[in-house]
Structures are given as structure tokens and as C-alpha cells.
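**Q** So that we are looking at the same thing, I have put the structure below in C-alpha cells.
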Amino acid sequence: MSGIRCGVGVGVEGWFEDNVRRRVGGGSGTYFWSDNWVGGAPLRVQFPRLFDLALDKGATAREMEEIGWGVGGGAWVRRRLLLAWEEENVTDCATLLSDIVLQENILDRWRWVPDLINGYTVQGTYQYLTSSNSSMERGLSDMIWMKQVLLKVSVFVWRLLRNRLPTKDNLIRRRVLHLDDSACVGGCSCPKSADHFIFRCNIFGSLWHLIYQWVGISFISPELVADHLYHFGNFVGLPRFTHSYLTVIWHATVWVLWKERNNRIINKIAHDLVNLLEFVKFMSFLWLKARLLTSAFSYNDWWRHPLLCMGVRE
Amino acid sequence: MYLFLLAAEGFNVLMSSLLEDGLFHGYQVWRGNDMCLSHLQFADDTLIIGDKSWSNVLSMRVVLMIFEQLSSLKVNFHKSLLTGVNVSESWLSESVLVLNCRVGAFPFVCLGLPIGGDPRKLDFWKPLLNSIHSRLSNWKRKLLSFGGRLILLKSVLSSLPVYFLSFFKAPTGIISSIESIFFKKYWGGGEDIRKIAWVDWNSVCLPKEEGGLGVRRLREFNVALLGKWCWRMLVDKEGLWYRVLKARYGEVGGG
């Protein structure tokens, strides 16, 4: 039973007992030496020498207090005289205990250190066990996992930002394709990576200019995909409430481009830029309308003046 | 449902009165204290535990018949099992004739969990693996988008093993084979079809804020679920399971 009390045998050694504290009230339910109740670790770990010399290793905190745990108290009586450094230990331990007052009418209770309020929860512990320090910079994750956007599009963007899409350069690196057919579908002859076809390709890249025109902003596109998403979605010239709209437009544009690219490769069907712009407008409209029931703009409004629909007054 | 619970409560009362009158002897957890288990009920699952004796078999038979008469519910004797621990085969087969049921063997399934099996053996986890496989027929792989597969993975597949994992510590091999099924399925592969896994599993398992997809890692989840029992051992002193453990293994002060 006392083994289980320390959490022995469950997974990572010691994670359980390190996080369980005893909150001492009356002290009669707490082992003086082996429970973790004062100073962050059991006293037998903090003062191993004193524990070795202790007469009653199973004493409770209450018993120890009754015989006196101050300097010179009965708790420190040993079989032999203590050496000088052992005496120091006793002083340290007594100082640690000096501000503890036992309250008889309160029961001793267990506390779970990572979450003192709710106690042990499976979810909290899971997070505690898997926690790591790496985090995606600048809240990009909120911009990827928008609730207005379809989940498959979010997953697509997630892969795009990690450069994990089946683009030609990735397929060549994985030896699925041969080196010689690396030309871009758009028609230019440069190597075809994800950020190339989405932003810098002559044909597809110019869709972005149409988008900027449509929204009515001027935007200089940064080099990296993540920067592009971040700066477009948090466009400085526009108020904060438009940012979620802009992010949705960004998702729609990228998705339309990806579909168009696949269409050109697999089905050999090509749309021109005006059509693609229509797709973006329509798709972003549908996504926004599906989630924002309150907003009262029509497709016609959205088509012409997206900024007005977002609530910006010129 | 509630009506059923009322009837089941009647069974509880019958058993308790039998115990009081000494007509049925429950399983004594430990010699020297009076912690005694006779029956466990959950909805329509009932487990009766007792010493090996003819009087116990007869009282069981009687109690079940009285219960049938009282509640006009039918006990399905063909689905009932009589399982013996350190009881000879011949004795079991004789008492099975009296009770009109079948002889069971360990491990048997109670409330969906195999009782008496060894969770360190791979066979123990077979039913779990089968149920995961059966959820993943081929059409799902072909017809679902990435988003759909993510939902399938996170809400259906990861929840399937939770019940098992909250009771047993899974061996490393089982955890990695379950995760590899998930991993292959997520990227659109199957048992014999290989697909490119574009992002490694560790990154997929990171929470969304850290740039992953927020899929659960089974090992840590297993540990967290089991830790709950350790915590309840410290806090929940009233529970039946705690009292049984205490009677069996004793308690070392404190607590």
C-alpha cells in the first residue's frame, strides 16, 4: 500500500510522488520522515543522515511535534552524541520546522502540485507529461486553425507552412519523380516548390495582385510563406476586426491555387486568372456566411466592396 | 432504464438478506477481517462472487429464480458463466448442471474488460486491436479528406483504447503498433499499401499551439489515466475498491 502511495510502478519514475504534497493540519496522518510535506521533498531525502539516526522512522508529524522538534527538543535525541555537521543538520531542520503550527481540528490532506485547485485531472496530467518548450511563433496556430475555414483546408495550410506538400521538388527529393520534369505548371521554367507556385510564379503569383486590388490594399509580399500569412492576416493598415476576414481570404486563395494546380496537372484543365479570382471571392463568401450568421451582406456586396462588408468605413 | 435499475436494486436486496442470514457466503478478501464481496452489479451485468460450496450454488440458483418470479425478468442461463478459481473441473461441471449454465474460463469479459488476463501479454490486447481494425475499412480511407481523417483519428480512434488504457498499462509493443496503425491510416495507407508520410508522428502529436495537429500520444495518456487511480487511492477512501484493497493488503497508517 505504501508503494502505491508513492506512485511506484506507474510510468515515468517518480513523476507522481514528486508532485504529491501533504498539506498538514493536525499532523497525525502524516509521516514525519517519508511524506512530502515541508520544504519540497520528504525530510528523509533532505536530511538523510538524520533519518538514518532516527529512533522511530515511522513517526508521524504529530508525534514528533509532541516530543519537541525545536533545537534541543526530544525529537532529536539519538543513540549517540551527534557530530558537529550533524548538529548543523539538526539546526537546519529545526529552522525549517519552526514556522509550522499544527492545527488539530484540520485533517491532513493530499495536494496535487501541478494543479492545486482542481486536484488531479487526466487532461492536466497528460499536458504535464507531454509538455515541451517549443512553441509555434507569434500565434500562427490560431491563424491556421480558424473555425470559419474547412478542416481539410487548415490541414493543407499546416502542411504548406511546413513545406510538406507533394510538390514536384518534394517528390524529387523523395525519389518519386525524376529530375527532368521539374518545370512549373504555370508555364515558367523555374523549379517548382510550394512557395514558388503560390507566391512567385508569374502566372499564379499574379493572382495575389488581383486579390490585393479587390480588397483594396497594397501589400508587399514577404519571402516566406509563414510571413506572408502572418502579415496578410494581420494587415497593419486595417483595424483588428478585419483580420479574421483577411485570414479567411488568404486560406481561400491558397486553396484555390492548389486546386488549380492539381487541375492543370491531373485533369489538364486550366482556368484563367479572372475565373480564379471569382473562385476565391465565392469560396471566402461561403465560408464566412456559414459561420457568421449575423453579418448581413450579400454576395454582390462582398464581390464589390469586401472592406465595407468587413465593417470598414472609408 | 430506470425501471430496470429498480428491479436490479431488488436483486441487491435479496442478496444482502441472504448474506445476513448466512445462507450465502461471499468471498472473504482476507482472513482476519470481515471485508466480504458477494455481488457486483452494473446495469444488466451482474457478477456473483462466493466461496466454493454446495450451499452457495443452491442459494444462487434459488435467488435467481426468486428474482425471476419477483421481477418477471428472465435470467438468461445460457449466457451465464460459472467460473472457478482453484476449483476442480468435475465439481464445476456438476454445479453447472444444477445452475443450468455453462462453465467459463479465465479470462472472461465483464463490462468489456477481460478479467483475469495478463495485460503484459500481447493476446490480451487482441480484442482492442481488432476493434480498431474494424473501424478502418477501406472505403473510409478512399473517401475521406485529410480533415475527415483527422477527425476520425482524433475523436474515434484515439477514444477507442481509452477504456482499456484506464485500467491496464499497455506494453510498449502494443502502443507502438496501435500508433503505427493510426499513422499509416492518417496518410492514406493501409495494411499493404504504403503512402508517403509527409510529417512525422512526433510532430503530428504536438498540440496545435506548438505546431502539431493535437493528436494524443497514447503512452503519456495511459500513464495519466493510471495516475488517476493513484490519486484516488490517496483521496477517495470511501470507494469499494479502496476498501477491498485495504482489506487485502493492509494500510500503513497515515492516509
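**Q** Here is a check on your reading of the model: is A:R62 within 17 Å of A:I100 (Cβ to Cβ), out of contact with any helix residue (DSSP H, G or I) (no Cβ under 9 Å at 6 or more places or on another chain) and in a helix (DSSP H, G or I)? Before you say what the answer is, go through the steps one by one.
**A** Details: within 17 Å of A:I100 (Cβ to Cβ): yes; out of contact with any helix residue (DSSP H, G or I) (no Cβ under 9 Å at 6 or more places or on another chain): yes; in a helix (DSSP H, G or I): yes.
Judged against the criteria, A:R62 is a match.
**Q** I'd like the residue in segment A:140-177 that is of a type in the set (D, E, K, R), more than 7 Å from chain B (Cβ to nearest Cβ) and outside any loop (DSSP other than H, G, I, E, B) and, out of all such residues, is farthest from B:I196 (Cα to Cα).
**A** Step one: filter segment A:140-177 for residues of a type in the set (D, E, K, R), giving A:142, A:147, A:152, A:159, A:162, A:164, A:168-169, A:173-175.
Then drop every residue that is not more than 7 Å from chain B (Cβ to nearest Cβ), which leaves A:142, A:147, A:168-169, A:173, A:175.
Imposing the further condition that a residue be outside any loop (DSSP other than H, G, I, E, B) reduces the set to A:142, A:168-169, A:173.
Values: A:D142: 27, A:K168: 14, A:D169: 14, A:R173: 12 Å.
Once the filter is applied, the top-ranked residue is A:D142.
**Q** Take segment B:113-135 and flag every residue that is in contact with an Asp or Glu (Cβ under 9 Å, 6 or more places away or on another chain) and part of a loop (DSSP other than H, G, I, E, B). Give the steps one after another, and end with the answer.
**A** Narrowing segment B:113-135 to residues in contact with an Asp or Glu (Cβ under 9 Å, 6 or more places away or on another chain): B:117, B:124, B:133.
Within segment B:113-135, just B:G117 meets the criteria.
**Q** B:G84: closer than 22 Å to B:V244 by Cβ, out of contact with any Lys or Arg (no Cβ under 9 Å at 6 or more places or on another chain) and among the small types (G, A, S), yes or no? Don't jump to the end; show me each part of the working.
**A** On the way: closer than 22 Å to B:V244 by Cβ: yes; out of contact with any Lys or Arg (no Cβ under 9 Å at 6 or more places or on another chain): no; among the small types (G, A, S): yes.
No, not satisfied.
**Q** Right, another one. Could you look through segment B:187-201, keep only residues that are exposed (fewer than 15 other Cβ atoms within 10 Å of the Cβ) and within 10 Å of chain A (Cβ to nearest Cβ), and pick out the one that is modelled with the highest pLDDT?
**A** B:D200
**Q** Next question, about the same structure. Please state which one of A:A61, A:A54, A:A41, A:A84 is away from chain B (no Cβ under 13 Å) and either crowded, with 20+ Cβ neighbours inside 10 Å or hydroxyl-bearing (S, T, Y) (or both).
**A** Exactly one residue qualifies, and that residue is A:A54.
**Q** A further question follows. Please go through segment A:213-233 and pick out each residue that is within 30 Å of the chain's Cα centre (by Cα), surrounded by fewer than 17 Cβ atoms within 10 Å (Cβ to Cβ) and touching a residue at least 60 places away in the same chain (Cβ under 8 Å).
**A** none
**Q** If you don't mind, another one. Could you tell me whether B:N86 is within 15 Å of B:G50 (Cβ to Cβ), polar (S, T, N, Q), out of contact with any helix residue (DSSP H, G or I) (no Cβ under 9 Å at 6 or more places or on another chain) and outside any helix (DSSP H, G or I)?
**A** Spelling it out, B:N86 is indeed within 15 Å of B:G50 (Cβ to Cβ), polar (S, T, N, Q), out of contact with any helix residue (DSSP H, G or I) (no Cβ under 9 Å at 6 or more places or on another chain) and outside any helix (DSSP H, G or I).
**Q** Based on what the data block shows, is B:K195 among the basic types (K, R) and either within 25 Å of B:T172 (Cα to Cα) or out of contact with any Phe, Trp or Tyr (no Cβ under 7 Å at 6 or more places or on another chain) (or both)?
**A** Details: among the basic types (K, R): yes; either within 25 Å of B:T172 (Cα to Cα) or out of contact with any Phe, Trp or Tyr (no Cβ under 7 Å at 6 or more places or on another chain) (or both): yes.
Yes.
**Q** Among the residues of segment B:202-249, how many are aliphatic (A, V, I, L, M) and facing another protein chain (nearest Cβ under 8 Å)?
**A** 10
**Q** Something else: Condition (residue is loosely packed, with under 15 Cβ neighbours inside 10 Å and either at pLDDT below 75 or farther than 30 Å from B:W229 by Cα (or both)) applied to segment A:101-120: is it met by at least one residue?
**A** Taking every residue of segment A:101-120 in turn, at least one turns out to be loosely packed, with under 15 Cβ neighbours inside 10 Å and either at pLDDT below 75 or farther than 30 Å from B:W229 by Cα (or both).
**Q** Taking A:R174 as meeting all but one of (1) touching a Phe, Trp or Tyr at 6+ places or on another chain (Cβ under 8 Å); (2) modelled with pLDDT of 70 or more, write down the number of the exception.
**A** (1)
**Q** Restricting attention to segment B:83-117, which residues are acidic (D, E) and either surrounded by 12 or more Cβ atoms within 10 Å (Cβ to Cβ) or outside the structural domain of B:T46 (by TED's automatic domain parsing) (or both)?
**A** Across segment B:83-117, the qualifying residue is only B:E94.
The values are calculated or read from the model by the stated rules, or taken from the named source; none is laboratory data. Everything quoted here is computed from the prediction, not taken from an experiment. Virtual Cβ from ideal backbone geometry, glycine too; neighbours counted across all protein chains shown.
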